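Colleague: Encoded as structure tokens, here's the structure I'll be asking about.
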Amino acid sequence: MSSTDVRHVHYLLGLGDDALVYAQRLGEWLTHAPQIEEDMALGNVGLDLVGQARSLLTRAGEVEGADPLRDEDDLAMLRDEREFRNVQLVEQPRADFAHEMARLLWFSTYQRELYAALLDSTDETLAGIAAKAVKEVDYHRDHATQWVLRLGDGTPESHERMQAALVAVHPYVAELGEDHEAARWAAEQGVGVLPSSLTDAVNGYVAGVLEQATLTPPDPPRWHARGGREGVHSEVMGYLLAEMQHLHRSHPGATW
Amino acid sequence: MYGNDFGQADAPGGRATTPHPLNAAETPDYTDALAAYFDGLIEEDQRVEPRDAMPEAYRKTLIRQMAQHAHSEIIGMQPEANWITRAPSLRRKAILMAKVQDEAGHGLYLYSAAETLGVDRSELLDKLHSGQQKYSSIFNYPTLTWADAGAIGWLVDGAAIMNQVPLCRCSYGPYARAMIRVCKEESFHQRQGFEILWTLSRGTEEQKAMAQDAADRWWWPALQMFGPPDTGEQASGGHTAQSMAWGIKRFSNDDLRQKFVDMTVPQAQKLGITLPDPDLAWNEERGHWDFGPIDWDEFWRVLKGDGPCNEQRIRTRVQAHEDGAWVREAAAAYAAKQAARQQSEAVA
């Protein structure tokens, strides 16, 4: 495999791992949501993300071209923590509902801009995945927007919780816009886009929602997460993978 | 065409012989006329709709049954959701998430259908949380291995379908219509469960053992799902006779249980799974499978609260509800503000 292909694979893994790891966290909400409609909604968002992850990881395996090819489950279940290329935002533990809506608002807005840009990818499979996914994440963004409005402009308690959630999530947002090596290569090749090129649109949308929701944009955080795209994660990641992978790994070679 | 009120008098299946008494002022013995109208609907196997007068006992029976059914869908999400984060492949994870989400949808349809009888969902949920209303006792058993996700689909959803298909012809229209969609999705779930076990039963020795162990643990609770005996010498009273007279229930518990056994035994044979009943044998004379005695003591014990997960299931549900109270309050406050804004804009 040429070095060019490695960066193509890494780029796809970054996109696929974001979707997979966030789906894992959203799956934890089922039966714990504030109302039954929300069990369905968060399950639905998670389900869309599992679907995106399956397509993206399958494509990553094809481009990698290992012999034998690594399929979606090889990549999801048999890689170790340092090989996962998701941003740290999506791996953070499930907290309260305001925290989830803050995370979903930023993440779905980022995904919305990302997939819209990937419609023109020179990787035709990736462009096809983006064409389907952009419609899905449009709904996710709308769902998060509606909830941030309700919570921000709801009761004093919900306003306070929503404001606190924005502050808690904020240190993980900058990483979405970081131009890592694989992304720089992908942008040059027309396979992908520079994450930093999406940042203004993402921040602009979120700022509009926060204003309408009577919320205050959080101050720049003292620190921000970095390194997810190179496989450097927060300590919670190992536990997430242990839970996700243990059954598959307990039965090597088995079919499910 | 939904409402009986709009049925064509001369159309087949219309209500030609059961004219609705118009109002109390113009109808002598109005109460008797309403009762006769309701009896006529039941006798002609018509649907009773929310606007129809109905005996209070019929309404209460339906509320109890539909609420219990809705609660079962909601509580039933828990044992399966237990495996979402650990599903062994991404395909299985997607199927399981979709399935648990379907159950949430079924709960919502059923609460909405129950609301047509003049109750509120929040009132029904309060009764679930306080233990005044029950849910299917099968969900008080734990899902210990991945094969349990298969066994729940195959046996628990399989048994549920046996119970629910006849409910598509239930005399209460909103319930019957909700059940048509529910049954379509449940039959998918049953096939998905079977397919999980089919894959395991063709897998490694550990996977085969996992499938067998799950069937061993879920078989008898699945047979108990049909409820205590309600025919022959063992009949233990209950609601069967009245519910059948009202067209809510179409078959006895025992008939449904037998149908389930007859359907499931050949499927177990295909899976290479031995059902945990030494008395299971084909009875040529009856044309049915005979099966051994069911442990009704266990059934009553679990139903009364002494099952492995009774406390846990309700605790989880109540916790989610309480943790979400501030969110629901915020949504209500926001909606009120929006309405007020729209009103003031309209005035301006």
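The values are calculated or read from the model by the stated rules, or taken from the named source; none is laboratory data. Everything quoted here is computed from the prediction, not taken from an experiment. As a convention, Cβ positions derive from the backbone with ideal geometry for all residues, glycine included, and neighbour counts pool all protein chains shown.
Colleague: Suppose we keep only residues that are over 17 Å from the mean Cα position of the chain (by Cα) and under 19 Å from residue A:137 (Cβ atoms) within region A:18-40. Which one would you say is farthest from the other protein chains (Cβ to nearest Cβ)?
Modeller: The qualifying residue farthest from the other protein chains (Cβ to nearest Cβ) is A:38.
Colleague: In region B:338-348, how many are more than 11 Å from chain A (Cβ to nearest Cβ) and under 30 Å from residue A:157 (Cα atoms)?
Modeller: 7
Colleague: Here is a check on your reading of the model: is residue A:54 touching a helix residue (DSSP H, G or I) at 6+ places or on another chain (Cβ under 9 Å), at pLDDT 95 or above, more than 18 Å from residue A:7 (Cα to Cα) and basic (Lys, Arg)?
Modeller: In short, yes.
Colleague: Here's another thing I want to ask about it. Could you list all residues from region A:52-75 that are within 11 Å of chain B (Cβ to nearest Cβ) and of a type in the set (Lys, Arg)?
Modeller: Hit for region A:52-75 is A:54, nothing else.
Colleague: Considering only region B:239-337, give the helices (runs of 4 or more DSSP H) lying wholly within it that have at least 3 residues that are in contact (Cβ under 8 Å) with a residue 24 or more places away in the chain, away from chain A (no Cβ under 14 Å) and of a type outside the set (Asp, Glu).
Modeller: B:240-245, B:253-271, B:296-303
Colleague: Check region A:80-98 and report whether any residue there is free of Cβ contacts under 8 Å to residues at least 12 places away in the same chain and closer than 18 Å to residue A:182 by Cβ.
Modeller: Within region A:80-98 (the criterion being free of Cβ contacts under 8 Å to residues at least 12 places away in the same chain and closer than 18 Å to residue A:182 by Cβ), the answer is no, since none of the residues qualifies.
Colleague: Please list, ordered by residue number, the helices (runs of 4 or more DSSP H) wholly in region B:11-122 having 1 or more residues that are over 17 Å from residue B:134 (Cα atoms) and more than 11 Å from chain A (Cβ to nearest Cβ).
Modeller: Result: B:30-43, B:56-75, B:90-115.
Colleague: Taking the stated definitions as given, is residue A:78 within 13 Å of chain B (Cβ to nearest Cβ), surrounded by fewer than 18 Cβ atoms within 10 Å (Cβ to Cβ), modelled with pLDDT of 95 or more and more than 29 Å from residue B:105 (Cβ to Cβ)?
Modeller: Spelling it out, residue A:78 is indeed within 13 Å of chain B (Cβ to nearest Cβ), surrounded by fewer than 18 Cβ atoms within 10 Å (Cβ to Cβ), modelled with pLDDT of 95 or more and more than 29 Å from residue B:105 (Cβ to Cβ).
Colleague: Out of (1) more than 14 Å from chain B (Cβ to nearest Cβ); (2) surrounded by fewer than 23 Cβ atoms within 10 Å (Cβ to Cβ); (3) not in a helix (DSSP H, G or I), the odd one out for residue A:86 is which?
Modeller: (2)
Colleague: (1) touching a Gly at 6+ places or on another chain (Cβ under 7 Å); (2) surrounded by 14 or more Cβ atoms within 10 Å (Cβ to Cβ): which one isn't true of residue B:321, the others all being true?
Modeller: (1)
Colleague: What number of residues within region B:131-174 are among the aromatic types (Phe, Trp, Tyr), within 14 Å of chain A (Cβ to nearest Cβ) and part of a helix (DSSP H, G or I)?
Modeller: Residues in region B:131-174 being among the aromatic types (Phe, Trp, Tyr), within 14 Å of chain A (Cβ to nearest Cβ) and part of a helix (DSSP H, G or I): 2 in total.
Colleague: Considering (1) under 24 Å from residue A:213 (Cβ atoms); (2) surrounded by 18 or more Cβ atoms within 10 Å (Cβ to Cβ), say which one residue A:95 fails and leave the rest.
Modeller: Among (1) under 24 Å from residue A:213 (Cβ atoms); (2) surrounded by 18 or more Cβ atoms within 10 Å (Cβ to Cβ), the lone unmet condition for residue A:95 is (2).
Colleague: Something else about it: Conditions first: (1) more than 30 Å from residue A:61 (Cβ to Cβ); (2) surrounded by fewer than 21 Cβ atoms within 10 Å (Cβ to Cβ). Residue A:151 passes all but one, so which condition is the exception?
Modeller: Failing condition for residue A:151: (2).
Colleague: Out of curiosity, is residue A:68 farther than 21 Å from residue B:99 by Cβ and in contact (Cβ under 8 Å) with a residue 60 or more places away in the chain?
Modeller: It is false that residue A:68 is farther than 21 Å from residue B:99 by Cβ and in contact (Cβ under 8 Å) with a residue 60 or more places away in the chain.
Colleague: For residues that are in contact with a Cys (Cβ under 8 Å, 6 or more places away or on another chain) and hydroxyl-bearing (Ser, Thr, Tyr), tally how many sit in region B:141-190.
Modeller: Going through region B:141-190 one residue at a time, the tally reaches 1.
Colleague: Ok, one more. What are the residues in region B:228-274 that are at pLDDT below 95, buried (at least 19 other Cβ atoms within 10 Å of the Cβ) and farther than 14 Å from residue B:161 by Cα, if any?
Modeller: B:230, B:240, B:243, B:246, B:247, B:248, B:252
Colleague: Would you pick out the residues in region B:330-348 that are surrounded by 12 or more Cβ atoms within 10 Å (Cβ to Cβ) and either among the aliphatic types (A, V, I, L, M) or in contact with a helix residue (DSSP H, G or I) (Cβ under 7 Å, 6 or more places away or on another chain) (or both)?
Modeller: Listed by number, the residues that qualify are B:330, B:331, B:332, B:333, B:334, B:335.
Colleague: Among helices (runs of 4 or more DSSP H) lying entirely in region A:141-238, which contain 3 or more residues that are out of contact with any Phe, Trp or Tyr (no Cβ under 6 Å at 6 or more places or on another chain) and within 14 Å of another protein chain (Cβ to nearest Cβ)?
Modeller: Where helices (runs of 4 or more DSSP H) fall fully within region A:141-238 and carry at least 3 residues being out of contact with any Phe, Trp or Tyr (no Cβ under 6 Å at 6 or more places or on another chain) and within 14 Å of another protein chain (Cβ to nearest Cβ), they are A:156-169.
Colleague: Pull out all pairs, ordered by first then second residue, where Cβ-Cβ is under 6 Å, the residues are six or more apart or on different chains, the first lies in region A:218-230 and is in contact (Cβ under 8 Å) with a residue 24 or more places away in the chain, and the second is surrounded by 18 or more Cβ atoms within 10 Å (Cβ to Cβ) and not in a helix (DSSP H, G or I).
Modeller: Correct list of pairs: A:228/A:86; A:228/A:87; A:229/A:85; A:229/A:180.
Colleague: Sticking with this one: Of the numbered conditions (1) assigned to a helix (DSSP H, G or I); (2) at pLDDT below 95, residue A:67 fails exactly one; give the number of that condition.
Modeller: (1)
Colleague: Another question about this same structure. Looking at region B:206-213, can you tell me whether even one residue there is more than 14 Å from every other protein chain (Cβ to nearest Cβ), more than 30 Å from residue B:53 (Cα to Cα) and in contact (Cβ under 8 Å) with a residue 24 or more places away in the chain?
Modeller: yes
Colleague: Something else now. List, please: which pairs have Cβ atoms under 7 Å, are six or more places apart or on different chains, and start with a residue in region B:52-63 that is under 13 Å from residue B:35 (Cβ atoms) and end with one that is among the hydroxyl-bearing types (Ser, Thr, Tyr)?
Modeller: Matching pairs, first to second residue: B:53/B:37.
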